[in-house]
1. Taking Cα pairs under 8 Å and at least six residues apart, what relative contact order does segment 560-688 come out at, in percent?
2. Order these peptides, 528-540, 336-348, by their mean beta-carbon neighbour count within 10 angstrom, highest first.
3. For q = 0.29, 0.31 Å⁻¹, what log10 I(q)/I(0) does segment 190-233 give under the Debye formula with an equal point scatterer on each alpha carbon and no solvent?
4. Measuring from label point to label point, each 7 Å out along Cα→Cβ, what is the residue 605 to residue 94 span in nm?
5. Using 0.36 nm per residue of separation minus the Cα-Cα distance, give me the extension gain between residue 455 and residue 434 in nm, one decimal.
6. Going highest first, how would you order 94-101, 65-72 by mean Cβ packing within 10 Å?
7. Can you sort 193, 57 so the residue with the fewest Cβ neighbours within 10 Å comes first?
8. If the chain between residue 498 and residue 186 were fully stretched, how many nm would it gain, using 0.36 nm times the residue separation less the Cα-Cα distance?
Amino acid sequence: MDVSQYLVLFLEEAREHLQSLNQCLLELENDPTDLSVLDEIFRSAHTIKGMSATMGYTDIAELTHNMENVLDLLRKDQLKANHVIIDVLFQCVDTLERLVEDVANNENSETDVKGLIQQLSALTKETGAEPLPIVQEQVQVQKQPYLLSAFNETNLTDTEIKMIASAEKQGLSAFEIQVNLREDCLLKSARAYMVMNVAEELGDVIKTVPGTEDLENGNFDQQFQIILLTSANQEKVREEILSISEIETVNVLACIVSELSIEKKAIEPDTIQKTAVIPNFEDVHVPEDKVDVTPVRANTATHEKRLKGGQSVRVDIDKLDNLLNLVGELVINKTRLEQIGTSHRLGDLTETIEQIDRVTTDLQSVVMKVRMVPVGQVFNRFPRMVRDLSHELGKEINLIIQGEETELDRTVIDEIGDPLVHLLRNAVDHGIERIEERQAVGKDPVGEVRLIARHEGNNVVIMVEDDGKGINASSIKEKALQKGFITKTDADKMDEKELLHLLFLPGFSTAATVTDISGRGVGMDAVKTKIESLGGTVEIETKVGSGSKFKIRLPLTLAIIQALLVQVSQEIYAIPLSSIDSTIHLQPEDIKTVQNQEVILLRGQIIPIVRLGTVLNIPADQKEQNDLFIVIVHTGQQRAGIIVNDLIGQQEIVIKSLGNLLKGIKVIAGATILGNGQVALILDVSSLMK
């Protein structure tokens, strides 16, 4: 069988199980007596072994098999989970990650697993226990049709037979259901759809005859069959389906896998029970938690929840990007139609556009939700990182993660990993003190680092907090003066907040020595650059002796946003609405100059002024001299006023990249296409305020 077509599925599932191994090993380290965690680790390792053996990746299969030997001894209490064993298992996970990435990059792996296999073998030999036998194929099924019932002969795949066998072991029933529609049934596909819905509520449909596509299109006579795995009894299944109108008869017959002449190889019964079936990348994908043969009571909500948990489809991110681009084009053309309807006073067109507007808004919302991904996908790799760093530095640190279910656009999710790594490494290295230092000042010897995510309006806020020694602004000033980042005159004018933001300067570091973890002065600069490129901001709060907090604010999405269109001379620009506080109308005499900086006084606060025409080198016209519109914008706690000629109005815009040729231009964050086909540049508020 050609397995190359299943490579993407293998990589995705292998990465998921490796992440699960990391998390579960951390839990096992905290509580070595937790057998449920051990079972989960064993299942993940076994699944990776089965998939890699099927795909022909022998190094991965051999390493995971030897991991199983150790894990089996831990489950039988013949080994105790200590730091030595946990460290070896973590090394195995790291090696598996490298091997999987080598497969992903189509590279010949140079990773040697022999050393780790010897370490694992040494651990098993200490107990004198026999290693688990290598089972190449647990169940061999005859490659021929099987007579399921008196109705018909149905070809079942290996996967479907394994699913029926697993369902039996879990206390579920497998039924073949023959549905006969009335002769006068007009909408066969609709009735078939209703039957499928009822069946899905009762359990899990693993096969239909004819296929689902033919059922949806009505390409069948008055009869069709489905195979259902359920905790309900035959009479219940029959009654539920008969309750649908235009159903003539429903026959329900049990499918028993033992009647299918399955030939089992000679392996230990105990091994069969404790080992999940090797996944087969064929017609139906069954997640590992659905193949586990751990006894479960029938007729429970847990069963139904597990059966319905697989109602999802994997979609390539490029397809979602294309869909989003099409929605963006729809929004642009909708705006164009609105402009035509308004300018030509076409009432009928305006009414139709209002309906289109509602549809496009709903469509946009759905596409955005599809692209949303929980930040937990990024957060879940950090517990292992913090654990390794704390061991390396001789510190005890408890990482607390909150709000991992908070969702962000996939584009943003892919980019925030590295900034968070820098912030967490700094918190562990610079923030949290050593155990003796914490005890000397009366602190808990175990340091605490918090990683928190939550929604705030149209933004997501991610915070990295620690209860360490905090950041001393005076030390930052001294370092900045010493290294020539600022002059003595500048330093005297700066408040604590401005001094803290010196940490983001390229090459600036307060570390006395350079280590493998930090101290080169590149991390914080990279954090600020990356977050601002995503349209976000970074703020610092700190208290000497109590700890620090780095607060990242990010937009929910980077694709379609609300913006205020403004005019400067003959040009139109867009300012993201999320950055705007208010708009005001002033006369030129209301603007004052303080230390060569134009400012205005707004509700008792001094606001610096930015003349957009000057920044963009646009010649001023007469209107700008006599009549001023000012847009008050903010970045974090910092505010400024942008002078423009006119305010055009609020509009939904689609952000378009300027391309590689114009990439990196300051002040400009991108472009959008207006309803009349003109291109308007989108302003980068944070760059304007520097």
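Since every read-out is calculated from the coordinates, none of them should be taken as a lab result. Here the structure is a predicted model, which is why all the values come from computation and not from measurement. Positions of Cβ are backbone-derived with ideal geometry, glycine not excepted, and every protein chain shown enters the neighbour counts.
1. Reported as a whole number, the value is 31 percent.
2. Packing proxy ranking, top to bottom: 528-540, 336-348.
3. With no solvent term, the Cα-only Debye profile gives -1.09, -1.19.
4. The two pseudo-label positions are separated by 4.8 nm.
5. 4.2 nm
6. By packing density, highest mean first, the sequence is 65-72, 94-101.
7. 193, 57
8. So the extension gain works out to 104.9 nm.
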